[in-house]
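One structure is given here, and the rest of the page talks about it.
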């Protein structure tokens, strides 16, 4: 249960870290979208560890196959099933954690929830590999959104205590994947790299924050009172492993503000209603207002570290020490950037379909 | 669309601020729960403006009626429909905002989304009155949870720039509703009161942060990968008007931490697996781990302020100035505390039913 | 659980036969539909027992109130909550059946499912009164459909062994509610009346069949492979008490046919693709083909009869005899005709919204 | 859209007749179920054309692969993705029908719905091959149900005008797959075979009826008022290609019956409440009553026949003649028997999970 998201653009995730594959089925992709495997592959490649700083030493080809829903270069309206076969698995090191859960990881909760039947190898369903499927679906969503001019861009704004100042959106869109930490400011990027290298040398890990911006979102997306744009985006972000917080627009700083500071003044510009500031993050009452939708997503440090940690033995019910082996990310944030983009695109696509926007464009 | 939440404990909201009523239908409440209108009334009374600092001058009796699903003092397994009739409505001041949307409010987005057919009086569906229905449903959820020993407590940790230190849970549970700002530390409470009074005098408003703690949540609640406990809680919180951010456990501070600091060490205590710290906020991999579930929810300042603001006229498509009349909250946070509790209870109840926990208790 | 139907036009039912009311909430009704309480009242009046042959002696005013979602004569896009308060309840006779379930009724299964907490008075949630709410929702759906020219008409084709021959659709639309048995052929109507009177005199009850036709349904409604037009219509019909069978087009007679007889030849008429016969009932592969959608719904005889019947005592766990008192329908079929129309309209409306049809018309 | 069914045991279908594969993802299968690929293969083999009379000449190995959710011989609680790769496709004959839809088929409606982008080869998503995936899911559901003693058996009761009398359930369970037409009475079986051979020689096709019986279904499954057991079963059956009608228990014959004949008398037997007849088909008020659940499903004759038929050319918008080539079933009924069983098992499994039955057994 719980492996599907979206009402009209429904993404179902399947697969395991050390099983045969990771993949998704999209149900609700409109017919007639030109789509190639290459496009999806390019998106998936952006979260490859070799392309991003802080990544694991496990190098998967992650070669995408589309096994349904595509015909003669176009989507058919049928479910689009996409997957990548796992190749480079080394499960030997996981026997140890079978009964000694890694602190900060889902090993313990998965063991309890599934009565010990969960596939614990490489974290199984809780692995950082599962989002590879999210990115496949996100690539399709992004292409659908682009038909209406909607674009999504994310970048790293914080790693450890290194913070980036605001960056121009055009630069983010152009350069973000050139930076190994996915931060477009070269100086900050270098300091972020250094922070990652430092904790890596310590056998430790580090967290960070990703900011995402959706441009050209028309006003009117989002459904009050429960299926709000913030609510469904937040839910989508919390599906990404290691996320601990989500905020929109002013976010937590809003708590310290006065209404007269926070309220975004309305104005007419080119006969269009705009706001002169964007504390709302492009959303009011759960509905988009036509301004850029902005969110910030906080990631905790990777749970798997090289240091000795306190754990328990589930069998003997006694305290135990654990030294994690295997290959892990020092910092998940750079690799999470395309995943954040994908979850944003998937959610916006769902709301755009509800609003009848995309259909019209294809037809 | 979008007015229902929950898979097995489904709450559907209806009603408007200045319409005939606000209410909810709960579908999925198990049969056999002893329930009185009085219990629900007590919960609803906690968000009354006269009971909380910073509240509006509009005083509604909010007299709850249960019009289905209750028989001989027990729930029947049928949908529970509950509502409160609106009595004290003064819609005269809203004609002005019909075409001049209030900055920071949903007036503009609602106008766009519903083509001008939305009930704009008092904010209509986007009013702070809608959560009165959430609290009715939350009272039922809380009672169901209590059968399994699960309890939810929330309190104000920040208003403006006044922050409360950590408080003992037992004290929160006992005293929170004695404080007009819902903060159990008397000194901080007084400073929060002063902060509210100050901005009120200025014709302004102020934001804040609510912390919520769920106790005795058994391990195993939550469904990976999309229907995570964090994801569904966050979605529920963003249904509360004015929420801009949600974090669990360490939240945004996790971004600056190392894995060796953040990972909660596991240990055996009384033959039970616990963690020695709770940076995870009681959730790992989207699943509860048996520790207290903790979250912090950021509220922006109330949008309706007495000061002159910049807006537009939707009819003439020109810039316009707006002075809001009507009765409004200076700070929504104290009144939001029971709403945060309610959304927490509703979400946990849904997951507890999925896990088969509540059913067993009733039977 | 199970009290909502529809994905984009979602109807949630609440209320009980002898509780305070019966009602529905519609979530997903587009904004801008002109709607009056009077229209809904007219639809509800069509299933009044005094208007139809075979009806119960319990006469409820069934005065409809719309308590949300309507403003200035138009729908607002918010949930539409409608209800009728129960007035004429006589629950005294139901104490007897509390522990002695009526054969053919849901008394026993409700007792088991809800552990004896169900509201058994008048059948509670399983009463023939619950569909009054369906008709309220159906009236809104029908009005939405009419914007696209889609019309739904139903009539009685069989009561007991009295069968009606095929009737012209125009006549059905015009005259069906003039016949007390909802059969437009006067001679057959009279024979059906006689059949009902005969079994009534015997203290017995009788079943029948309703046929429904949806006109001007555009091709393309319905979602393969599971959310087929037939599948969702059938599910909607089985929500009507006493339904035992549903067939579309040729239905069960198709079993004895050859492909060369059954296949509807395609042809061009006025530059439109039609079929020369309509064995498919307007649906192929779960999707409408532009021809009239036709279905037949079989109703069993009313379970409540005056004759002595064999039952059991749930308390003593012994066999028992039961003589049902209370006021009941001799034949539910005439009163079911508007309910069949309503469930058809609700389902078509949901699919029309999925296909983006209705939205365009309102806008 | 529309490719998923089930609330807690959710089956998502994907694949095409002449695409790369047909498959399903099950979300909600409890962890800890022992499961082998061999078991699923055996179920799938039962709908192979070579195993059943009237089957197509296209012989697919239909070798099942389980690509997620299975670990060390047990289900893990993660989504179970299963598929069979298509091998024996000959798409050459389908270019013709691309623009000349086959009467009685979904060619025309699919063309309209998907704007001509649908994969028309072999019927694409509307092929009789899609149910191979249903059977994979059904095998898992059946195994889960068996943990609670619930068993599902189906058999052919009519082919063309050859009808079978009632058969003992024990015989059906034991012998049904020994009969090439899936009818356990040898004499009737032979006559059904002859009927199929006759129409095959004529280049024609023929319909029939399948009866299904679910044994040991506990009382209490099904959710009123909309998610009734009949409603959700009917919806599941209408997902099977060629189904035109569904009835439960007495079905359409109930229309001609009196209440005194139709009401199933209740009685105590071995301290259990039973009914002395089973006109209700084991369901009252949408909820199972503990008696066998019985349904009959009507299939139309296969649309693809060898005879010349009237169609249209979608391009020229003129009438056209069509002679279908390719390999097709003369009678789909024998191959549909395991599909009916599967859809029954899938639906019952979903309701059993809602009622908390299966979980308890596994734990």
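Readers should treat all values here as calculations from the given coordinates under stated rules, not as data from a laboratory. In this text, all values refer to a predicted model and were calculated from it rather than measured experimentally. A quick note on method: Cβ atoms are made from the backbone with ideal geometry, for glycine too, and the neighbour counts reach across all protein chains shown.
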Tensor-based shape of the stretch B:124-170 (alpha-carbon gyration tensor, a/c under 1.5 rounded, otherwise prolate or oblate): oblate
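If we count other beta carbons within 10 Å of each Cβ, what is the order of D:45, B:315, C:264, D:232, fewest first?
Values: D:45 17, B:315 11, C:264 24, D:232 28.
By the 10 Å Cβ count, ascending: B:315, D:45, C:264, D:232.
Which values, in whole Å and largest first, are the semi-axes of the equivalent ellipsoid of the protein assembly as shown obtained as the square root of 5 times each eigenvalue of the Cα gyration tensor? Can you show the working numbers first?
Values: eigenvalues 482, 287, 198 Å².
Here the semi-axes work out to 49, 38, 31 Å.
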D_trans [Stokes-Einstein, Kirkwood Rh over alpha-carbon pairs] for the stretch B:212-363, 37 °C, 0.692 mPa s, µm² s⁻¹: 181
Amide N of the stretch D:239-275 lying under 20 Å from the label point, which is placed 7 angstrom from the Cα of residue C:316 along Cα→Cβ: D:265-275
Neighbouring partner chain Cβ atoms per residue of C:283-292, average, 10 Å criterion: 6
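Per residue of A:305-311, count partner chain C-beta atoms within 10 Å of its C-beta, then hand back the mean as an integer. Working shown, then result.
Working: counts 5, 2, 4, 1, 6, 7, 5.
That works out to 4 on average.
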Position residue A:216, label points 7 Å along Cα→Cβ, spacing to each other copy in nm (shortest first, one decimal): 3.8, 5.5, 6.0
Top of C:138, C:116, C:69 by mean-square fluctuation, Gaussian network on chain C, Cα under 10 Å: C:116
Estimated FRET transfer efficiency when R0 is 30 angstrom, pair residue D:307-residue C:169 (beta carbons, to 0.05): 0.45
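Go ahead and run the numbers for FRET between residue B:276 and residue A:95, Cβ-Cβ distance against an R0 of 35 Å, rounding to 0.05.
Numbers: r = 26 Å, r/R0 = 0.73.
Efficiency, rounded to the nearest 0.05: 0.85.
For the stretch C:85-178, what is the Kirkwood estimate of the hydrodynamic radius, computed as the reciprocal of the mean inverse distance between distinct Cα atoms, to one decimal in Å?
On the way: mean 1/r = 0.0590 Å⁻¹.
Averaging 1/r across every pair of different Cα atoms and inverting gives 16.9 Å.
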Computed [θ] at 222 nm, deg cm²/dmol, chain D (DSSP H ≥ 4; -39,500 (n - 2.57); rounded to nearest 500): -8000 deg cm²/dmol
Degrees between helix B:186-201 axis and first principal axis of chain B (Cα, 0 to 90, nearest 10): 20
Pseudo-label separations to other copies for residue B:61 - Cα-to-Cβ vector, 7 Å, nm: 2.1, 7.4, 7.7
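First measure r as the distance between the Cβ atoms of residue D:198 and residue D:323, then evaluate 1/(1 + (r/R0)^6) with R0 = 25 Å and state the FRET efficiency to the nearest 0.05. Intermediate values should be presented prior to the final figure.
On the way: r = 21 Å, r/R0 = 0.84.
Using R0 = 25 Å, I get an efficiency of 0.75.
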Most mobile of A:95, A:16, A:65 in a GNM of chain A (Cα contacts under 10 Å): A:95
Max mean-square fluctuation residue, GNM over chain D, Cα-Cα springs under 10 Å, options D:12, D:330, D:347: D:12
Angle between chain B longest axis and helix B:333-354 axis [Cα atoms, degrees, rounded to 10]: 40
Unit Cα scatterers, Debye sum, the stretch C:75-135: log10 I(q)/I(0) for q = 0.18, 0.20 Å⁻¹: -0.72, -0.82
Label point distance in nm, residue D:178-residue D:39, each placed 7 Å from Cα along Cα→Cβ: 2.5
Other copies of residue A:93: label-to-label distances in nm, shortest first, labels 7 Å along the beta-carbon direction: 5.6, 6.4, 7.7
Reciprocal of mean inverse Cα separation for chain C (Kirkwood radius, Å): 21.3
Rounded tilt (10° steps) of A:131-147 against the dominant C-alpha axis of chain A: 10
